[in-house]
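The values are calculated or read from the model by the stated rules, or taken from the named source; none is laboratory data. Every value quoted in this text rests on a predicted model; they were computed, and no experiment measured them. Quick reminder, even Gly has a Cβ in these numbers, built from the backbone with ideal geometry, and neighbours come from all protein chains shown.
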Amino acid sequence: MEAPRLVAGLTRLVRDVGVAEELAQDALVAALEQWPSDGVPNNPGAWLMTTAKRRAVDHIRRAETYRRKIEEVGRELPESVPDIGTTVAEDDGIGDDLLRLVFVACHPVLSTEARTALTLRLLGGLTTGEIARAFLVPESTVAQRIVRAKKTLAAARVPFEVPRGDELADRLASVLEVVYLIFNEGYSATSGDDWMRPALCEDALRLGRVLARLVPREPEAHGLIALMEIQASRTGARTGPDGEPILLADQNRARWDRLLIRRGLAALEHAEALAGGRPGPYVLQAAIAACHARAGRFADTDWQLMARLYERLATVAPSPVVELNRAVALSRAYGPAAGLELVDQLLAVPALRDYHLLPSVRGDLLARLDRHAEARAEFTRAASLTRNERERGLLLARAELSRESRPADPPRDRSRPG
């Protein structure tokens, strides 16, 4: 939880994300060595930051440019570093090291893929494997992107600051993508034993709110906030007492956070007004999420409207995952056969070959058509592809239901494309 904050604060001091990550790891190792015997400090984050900054001082002292660096950071790095927590820069009016680090990692000197992978690694705390699952690419590819990105940023001496003017607009789309991918990993973890990682959702929401304040006239920033607020409203209803997943159709909607829904719908209304009839991908996705939020029951969902919204989204931001989600909406609006027709067209898409939600959706549609043997095979394949233990258990349970030729549960929450 503290690692991204450490990397962000240290990057401002040493101006090198690779070195900052190494120093943060040194501090975490020190905690593993000392805390078992000395006890966990009252403020773990401050302890880690102080330890990391002391290592930063040592690093700078060893560098040939020690005197120049000490002069640059000024009073922030006295020889005896006081016991302080994170500090903030005062030159760009944002006061958020994490946000600055997002913009550094999203610098145009990097490719779009490298920007997103690096930011997820540094700020989201995701492993290369988790990032690879989010992008549907091999893990080795992500690892290479991250290594090259760090070297490129160091060589280019990218300043640790939030850009202004046209440069800010150019980099905003990439930043929004990164924030939403972080949220998605928290909302439905790609691997591990937990269905969700709420801390990631909270970090993404915080960064998104800061972004919305930074660019108050940008509809996509407010659309992203609306989307995340509405989706986060379901957190309390998405798992059972033992952490088991609860499908959207089976969720107790009384447990949905009405405050987050109201905030999300208000942000959506604001975003739509700013968009002026030309909504972008995040505004459209927020409108899709709102279809669920406005329905008192699963049966009351306006699936026809949702199918139309997905069709618009497929035009604005085409992707096979959007098409897969559109198939789910079509199946609810016009019957499972309509959805299955579109899903079958996606079977040949290379990017979805190992994407577990493709056989999961297909299994659901087959079960609703009473083709239970085929549905069982699809759920079993989906279970073999997912790396999340909770999701694997859910898919195997659905395969067993199909074995018994009983109606399958509705599909899990797919209001989010991707």
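Selection of helices (runs of 4 or more DSSP H) fully inside segment 96-163 by the criterion of at least 1 residues being in contact with a helix residue (DSSP H, G or I) (Cβ under 8 Å, 6 or more places away or on another chain) and polar (S, T, N, Q) returns 112-122, 128-135, 139-156.
No other residue among LEU268, LEU313, LEU259, LEU284 is surrounded by fewer than 23 Cβ atoms within 10 Å (Cβ to Cβ) and at pLDDT 95 or above apart from LEU259. Among (1) within 25 Å of ARG392 (Cβ to Cβ); (2) surrounded by fewer than 21 Cβ atoms within 10 Å (Cβ to Cβ), which single condition is TYR334 missing? With respect to (1) within 25 Å of ARG392 (Cβ to Cβ); (2) surrounded by fewer than 21 Cβ atoms within 10 Å (Cβ to Cβ), TYR334 is out only on (1).
Looking at ALA189, ALA199, ALA204, ALA173, which one is more than 24 Å from ALA267 (Cα to Cα), touching a residue at least 24 places away in the same chain (Cβ under 8 Å) and either not charged (D, E, K, R) or not in a helix (DSSP H, G or I) (or both)?
Details: ALA199 fails: more than 24 Å from ALA267 (Cα to Cα); ALA204 fails: more than 24 Å from ALA267 (Cα to Cα); ALA173 fails: more than 24 Å from ALA267 (Cα to Cα).
Answer to the check: ALA189.
Conditions (1) hydrophobic (A, V, I, L, M, F, W, C); (2) under 18 Å from ALA212 (Cα atoms), marked per residue:
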{"site": "ASP242", "(1), (2)": "no, no"}
{"site": "LEU259", "(1), (2)": "yes, no"}
{"site": "ARG262", "(1), (2)": "no, yes"}
{"site": "ALA267", "(1), (2)": "yes, yes"}
{"site": "ALA273", "(1), (2)": "yes, yes"}
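Within segment 308-317, is even one residue within 22 Å of ARG263 (Cβ to Cβ) and part of a helix (DSSP H, G or I)? Yes: segment 308-317 contains one or more residues that are within 22 Å of ARG263 (Cβ to Cβ) and part of a helix (DSSP H, G or I).
When segment 137-158 is filtered for residues that are surrounded by fewer than 16 Cβ atoms within 10 Å (Cβ to Cβ) and either closer than 20 Å to ALA204 by Cβ or free of Cβ contacts under 8 Å to residues at least 40 places away in the same chain (or both), the ones remaining, listed by number, are VAL137, PRO138, GLU139, SER140, THR141, GLN144, VAL147, ARG148, ALA155.
Just one of the listed residues (ALA117, ALA154, ALA169) is among the hydrophobic types (A, V, I, L, M, F, W, C), closer than 20 Å to ARG213 by Cα and outside the structural domain of ASP354 (by TED's automatic domain parsing), namely ALA169. With respect to TRP195, is the statement that it is modelled with pLDDT of 95 or more and aromatic (Phe, Trp, Tyr) true? Taking the combined requirement at face value, the residue does not satisfy it.
Filtering segment 228-250 to residues that are touching a residue at least 60 places away in the same chain (Cβ under 8 Å), assigned to a loop (DSSP other than H, G, I, E, B) and surrounded by 15 or more Cβ atoms within 10 Å (Cβ to Cβ) leaves SER233, ARG234, ARG238, LEU247.
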